[in-house]
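The values are calculated or read from the model by the stated rules, or taken from the named source; none is laboratory data. If you're wondering where the values come from, they're calculated on a predicted model, not measured in any experiment. Cβ atoms come from the backbone with ideal geometry, glycine included; neighbour counts cover every protein chain shown.
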Amino acid sequence: MNAPDVNIYFLSTDNQNTWIHALQIPYSDIHRLCLRPLKWLRFVAFTISGAHGDLSETQDGHAVNYDNTSDLADTYYYIATEQFHLVDYNALNDRVTSSDITPGRAGFRGKILNRDGSCVITRAHNRICDASHIIPRCKGDEYITFVVNDRRHLYHEQQFPPETQELSINTVENGLLLRSDLHQCLGLGIIAFMKTPNFAMQCDDVHRVENDPMPDTRITMQYMEPPTEHELYAPLPCDVHMTGTGESSPPSILLDFMYGAAAVQRWPTDALSQVLKKRFEDFKNISPLPQQPLSSDDSEDFAADSGSEYKPGRSGTKRGRSRRSATSTEMLQAMDHVLVLSMLLRGVTPEQIVAERERREKEAQAHTQEVARAKVQQWQQAQDTAS
């Protein structure tokens, strides 16, 4: 007989090596979301911690049998199976694309339309669909680059090819064409997308409503919060289907991160909330964690990302369709919490990030000065040769 709830603990690599009670997940939700519960729990733990690891029923025990589908324990410990390493957080400064030159507005929607064709879940006409960001647009380029730099080491080249690793907030890989109501569900954390195979799961470990042969890869929409009987238009949790070119689909690194954020929002414990509240205060001034405010330009972008036409001057306003971000405050905060928690688990402190950033800035300044000196020397040599 299964326990009504399953509790997941993470080991913090701080001075005390304390175990954090992070998640409390009803078994009914686990059964609804997968066919092999322990594999799914391992995947969820991975998306949150940002580390490969195994589940154990004890703090120093062996890995569980992931093919076991019955008699779940009520407590599991996620034990990292690899050496944590300090990510070069400052490297994002060398890779960030300025928001001023990032393709956006109609450019983003046009690329998503070309790839997806219609709603990737319901196949509804694109006129009633939004070009939805996976990492919300209001987070900006620096945030998505931070996530990629923090987690790229977790994925092999087939999952995250080198040619796709230069991501900005408005690149096509960070979007999906969704019917407007599903876009809102994504922003609220009601739905999330899982790509298989992944670190812990195979394609056949997840429920499938389609009748055609099992594909080699899947991106599956899942209801983190099940729809009620009154939500008549809620589609079945099916696989993403692109009717356009299908090229440059969202990579696991983005989908997994947002899946972890949705899980933290859906099944947190009081203990996790207290730890994160304290830890977030330590990290709140470390870029890019502070939430970027929604500017007046954002409402114009949302109009272009949706199916409605942008008409300046309408209703006496200077902007088009005025809309707040489709992503809720709770989901935006959950994203930050996943970043902070993963840093906490690997023992990364704000002081380390600041020190590393200062070191890199000094290196960059020295490099700039060296380049300038070399140019001066080249000019002098050219002048000497000419004379």
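Taken over the stretch 161-190, the criterion of being in a helix (DSSP H, G or I), under 13 Å from Thr327 (Cβ atoms) and among the small types (Gly, Ala, Ser) is satisfied by Gly187 alone. Looking across the stretch 125-139, the residues that are of a type in the set (A, V, I, L, M, F, W, C) and touching a Leu at 6+ places or on another chain (Cβ under 7 Å) come down to Cys129, Ala131, Ile134, Ile135, Cys138. Just a yes or no: is a residue in the stretch 229-242 touching a Gly at 6+ places or on another chain (Cβ under 8 Å) and in contact (Cβ under 8 Å) with a residue 60 or more places away in the chain? The answer is yes; a qualifying residue exists. Return a yes/no flag: does the stretch 179-186 have any residue that is of a type outside the set (Val, Ile, Thr), buried (at least 18 other Cβ atoms within 10 Å of the Cβ) and under 25 Å from Pro37 (Cα atoms). Yes, the stretch 179-186 has at least one match. Each residue in the stretch 105-119 was checked for being touching a Lys or Arg at 6+ places or on another chain (Cβ under 6 Å) and surrounded by fewer than 20 Cβ atoms within 10 Å (Cβ to Cβ), and 0 pass. Restricting Ser252, Ser248 to residues that are farther than 30 Å from Asp67 by Cβ, modelled with pLDDT of 70 or more and within 18 Å of the chain's Cα centre (by Cα) narrows the list to Ser248. For the stretch 38-65, a residue qualifies if it is within 25 Å of the chain's Cα centre (by Cα), part of a loop (DSSP other than H, G, I, E, B) and surrounded by fewer than 21 Cβ atoms within 10 Å (Cβ to Cβ), and exactly one does: His52.
Would you confirm, using the coordinates I've provided, whether Ala326 is at pLDDT 80 or above, buried (at least 20 other Cβ atoms within 10 Å of the Cβ), under 20 Å from the mean Cα position of the chain (by Cα) and small (Gly, Ala, Ser)? It is false that Ala326 is at pLDDT 80 or above, buried (at least 20 other Cβ atoms within 10 Å of the Cβ), under 20 Å from the mean Cα position of the chain (by Cα) and small (Gly, Ala, Ser).
Examine the stretch 269-284 for a residue that is at pLDDT 85 or above and either among the aliphatic types (A, V, I, L, M) or closer than 26 Å to Asn149 by Cα (or both), and state whether such a residue exists. Among the residues of the stretch 269-284, at least one is at pLDDT 85 or above and either among the aliphatic types (A, V, I, L, M) or closer than 26 Å to Asn149 by Cα (or both), which makes the answer yes.
Flag: Glu370 does not match the condition of being over 29 Å from Ile134 (Cα atoms), among the acidic types (Asp, Glu), surrounded by 12 or more Cβ atoms within 10 Å (Cβ to Cβ) and more than 23 Å from the chain's Cα centre (by Cα). Would it be correct to say that Tyr77 is crowded, with 20+ Cβ neighbours inside 10 Å, at pLDDT 95 or above and of a type in the set (Phe, Trp, Tyr)? Yes. Out of everything in the stretch 120-178 that is under 17 Å from Leu332 (Cα atoms) and of a type in the set (Lys, Arg), what residue ends up being surrounded by the most Cβ atoms within 10 Å (Cβ to Cβ)? Result: Arg137. Select from the stretch 336-360 the residues that are surrounded by fewer than 16 Cβ atoms within 10 Å (Cβ to Cβ) and more than 23 Å from the chain's Cα centre (by Cα) and write down the one among them that is modelled with the highest pLDDT. Per the stated criteria, the residue is Arg359. When the stretch 95-149 is filtered for residues that are farther than 30 Å from Ser342 by Cα, in a loop (DSSP other than H, G, I, E, B) and at pLDDT 85 or above, the ones remaining, listed by number, are Gly117, Ser118, Cys119, Val120, Ile121, Thr122, Arg123, Ala124, His125.
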